[in-house]
Amino acid sequence: MQILTKFLVAAALAVAVFTTATPAGAEPKTLRIGLADDPDMLDPTLARTYTSRIVFAALCDKLVDITPELDIAPQLATEWHWVDDNKGLVLKLRPGVKFQDGEKLDAAAVKFSIERHLTMPGSNRKAEISAISAVEIIDDLTVKLVLKAPFAPLLAALSDRAGMIVSPKAAQAPGDFANHPVCAGPYKFAERVAQDRIVLERFADYWNKDAVHFDRIVYLPIPDSTIRLANLQSGGLDLLERLAATDLENTRKDTRLKVSSTTSLGYQALVVNINNGPHAKGPLSDPRAREALEASIDRKALNDVVFNGIFTPGNQWVEPKNPFYVKSHPIPGRDLAKAKQLLAAAGMPNPQLTLVAANSPETIRAAQVIQAMAGEAGFDIKIEAAESISAIQASVDGKFDIYMNNWSGRSDPDGNLYNFVSCKAPPAFNVSHYCDPTVDAELDAARSAGDAAGRLAHYAKVADHILADRPLIYLWHPTLLFAMNAKLAGFTPYPDGLVRPQGLVLNP
């Protein structure tokens, strides 16, 4: 109860802090969103967490967006076309757009942001748009992205953080941009208290301001799904992301609330440490041990026990109904006898492993089920639970044998795959430190292929390698569950899991 009270007080304080800025007689309209973890840095070039993307959906518009059906839709760019045998993309920008510091958004600003993504030390966007060799300004509202080779995932990449355009003035000012980000979204940054709240205020000069109905948004990180739901039930939140599957039935029965859902683009996988840091030469450096670990897991039972059977078991970077799923590699069943035989052949009947996982209840429960399943094969797994950002850092530093990786997913399969297995991927993503030149060649070929069939053929060859090498052992694809006040209208679930504030309104 003390923890619940803490979050309720935080929500009240976050609303109260800015009440004085509201004109007399006008009640501020605040949307309070419960997040499953605290976002990392609010800089689209450097950020890597799912919850930072949820905040960016209100803070930073992108060149393009996706629809719920995964079509590419205009946002800061109103139209585009391919040129030069698909080695150039020309984008026409929306006129009259301003950044939240009052500066105009033009082709020069787009050039600045794209080049920042490509050249900034520590950029997590570079690999996503590495095909761009130059950015040319055609006129004040027209920009051309010059490519080294045709690049099929480009528009999909520009519908996420790689397409977010930041204010050049703010980004070049002294200090850490992430502490006061300035973009061109419907809400501007107001305040952040680590592990407590992020507050955004409505941007009066937003280009689509008629679609924005709240004066501010308060994001409250509440890792415990039970407490997050209790805050919603008590009125401390208006909306929460990642409702626990085990809470779905009771939440649907609560007439004060409603639930919205969609299938996620993402996946949950066990990332295996192959060559990273202090655990690089651990038991899982032997491919037989990795094969045994996968053979010990029953994906369907895992889904049934932890998620009431509503998630989708999987064994690849896209779910089985996705057109890019490689059907020649179906989901393997559990084979406990095979797992034991493989460990015996490797001369390690009882290997000891460290499994690092974020400390959300569902993630830890899944880790415990995996621990028990693998234990029947002979594995001795120790679970190390940590706050989400700390768990990510432990994976980057190689302080794990297995890491529970929750990837929120992208609309193009390249975004679910390249950064996690390519030799050229950022070390913040390829924490396994897996590297196979053949896989890289096929990934690059899939990026350049002119049609879906051609791309799938290259992904099939990628699957031949990584599903045997197992730098990641894919487990399931989530169903995204959003719970909200029954009076909240205008919410549409998107497969990328982002909460877009445009059109949201709280009815009396």
Take residues that are in contact with a Pro (Cβ under 8 Å, 6 or more places away or on another chain) and farther than 30 Å from ASN507 by Cα and tell me which of the helices (runs of 4 or more DSSP H) falling wholly in the stretch 240-320 contain 2 or more. 287-295, 299-307
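Looking at this structure, is VAL369 surrounded by fewer than 19 Cβ atoms within 10 Å (Cβ to Cβ), touching a residue at least 40 places away in the same chain (Cβ under 8 Å) and of a type in the set (A, V, I, L, M, F, W, C)? Lay out the reasoning, then the answer.
Values: surrounded by fewer than 19 Cβ atoms within 10 Å (Cβ to Cβ): yes; touching a residue at least 40 places away in the same chain (Cβ under 8 Å): yes; of a type in the set (A, V, I, L, M, F, W, C): yes.
It is true that VAL369 is surrounded by fewer than 19 Cβ atoms within 10 Å (Cβ to Cβ), touching a residue at least 40 places away in the same chain (Cβ under 8 Å) and of a type in the set (A, V, I, L, M, F, W, C).
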Check ARG252, ARG256, ARG242 and return the single one that is over 30 Å from TRP317 (Cα atoms), of a type outside the set (A, V, I, L, M, F, W, C) and either in contact (Cβ under 8 Å) with a residue 24 or more places away in the chain or surrounded by 20 or more Cβ atoms within 10 Å (Cβ to Cβ) (or both). ARG256
Meets criteria (among the charged types (D, E, K, R) and either under 24 Å from LEU46 (Cβ atoms) or touching a Pro at 6+ places or on another chain (Cβ under 6 Å) (or both)) for GLU103: yes
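In this structure, is GLU294 open to solvent by 10 Å² or more (accessible area, probe 1.4 Å) and under 16 Å from ASN406 (Cβ atoms)?
On the way: open to solvent by 10 Å² or more (accessible area, probe 1.4 Å): yes; under 16 Å from ASN406 (Cβ atoms): no.
It is false that GLU294 is open to solvent by 10 Å² or more (accessible area, probe 1.4 Å) and under 16 Å from ASN406 (Cβ atoms).
Give the residue, chosen from SER159, SER123, SER130, SER113, that is surrounded by fewer than 22 Cβ atoms within 10 Å (Cβ to Cβ) and within 18 Å of LEU42 (Cα to Cα). Outline the logic, then answer.
Values: SER159 fails: surrounded by fewer than 22 Cβ atoms within 10 Å (Cβ to Cβ); SER130 fails: within 18 Å of LEU42 (Cα to Cα); SER113 fails: surrounded by fewer than 22 Cβ atoms within 10 Å (Cβ to Cβ).
From the options SER159, SER123, SER130, SER113, the qualifying one is SER123.
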Does the stretch 42-65 hold any residues that are free of Cβ contacts under 8 Å to residues at least 24 places away in the same chain and either open to solvent by 10 Å² or more (accessible area, probe 1.4 Å) or in a loop (DSSP other than H, G, I, E, B) (or both), and which are they? none
State which residue is modelled with the lowest pLDDT when the search covers only the stretch 422-443 and only residues that are over 20 Å from PRO278 (Cα atoms) and open to solvent by less than 20 Å² (accessible area, probe 1.4 Å). ALA425
Quick check on the stretch 407-421: of everything there that is open to solvent by less than 10 Å² (accessible area, probe 1.4 Å) and among the hydrophobic types (A, V, I, L, M, F, W, C), which residue is nearest to PRO478 (Cα to Cα)? LEU417
Taking the criterion of being assigned to a strand (DSSP E or B), aliphatic (A, V, I, L, M) and on the phi < 0 side of the Ramachandran plot, would at least one residue in the stretch 98-106 satisfy it? no
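Does PHE307 fit the bill of being within 27 Å of ASN416 (Cα to Cα), among the hydrophobic types (A, V, I, L, M, F, W, C) and over 19 Å from the mean Cα position of the chain (by Cα)? Step through it out loud before you land on a result.
On the way: within 27 Å of ASN416 (Cα to Cα): yes; among the hydrophobic types (A, V, I, L, M, F, W, C): yes; over 19 Å from the mean Cα position of the chain (by Cα): yes.
Criteria met by PHE307.
Would you kindly identify the strands (runs of 3 or more DSSP E) lying entirely within the stretch 175-236 that contain at least 3 residues that are touching a residue at least 24 places away in the same chain (Cβ under 8 Å) and open to solvent by 10 Å² or more (accessible area, probe 1.4 Å)? Show your work before the answer.
On the way: elements: 187-193, 197-202, 216-221.
Hits in the stretch 175-236: 187-193.
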Residue hits (the stretch 313-342; under 25 Å from ALA289 (Cα atoms), of a type in the set (S, T, N, Q) and surrounded by fewer than 20 Cβ atoms within 10 Å (Cβ to Cβ)) are SER328, GLN341
In this structure, is TYR494 closer than 30 Å to VAL259 by Cβ, under 23 Å from the mean Cα position of the chain (by Cα), open to solvent by less than 10 Å² (accessible area, probe 1.4 Å) and not polar (S, T, N, Q)? no
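Residue by residue through the stretch 400-458, note down the ones that are polar (S, T, N, Q) and farther than 29 Å from ILE54 by Cβ.
As a first pass, look at the stretch 400-458 and keep what is polar (S, T, N, Q): 405-406, 408, 411, 416, 419, 422, 430, 432, 438, 448.
THR438, SER448 - these are the residues of the stretch 400-458 that are polar (S, T, N, Q) and farther than 29 Å from ILE54 by Cβ.
The values are calculated or read from the model by the stated rules, or taken from the named source; none is laboratory data. Remember, predicted model here, so these are calculated numbers, not experimental data. FYI the Cβ positions are ideal-geometry reconstructions off the backbone, even for glycines, and counts take in every protein chain you see. Areas reflect the complete protein model, heavy atoms only, side chains present, ligands, DNA and RNA absent. Shrake-Rupley method; radii C 1.70, N 1.55, O 1.52, S 1.80 Å.
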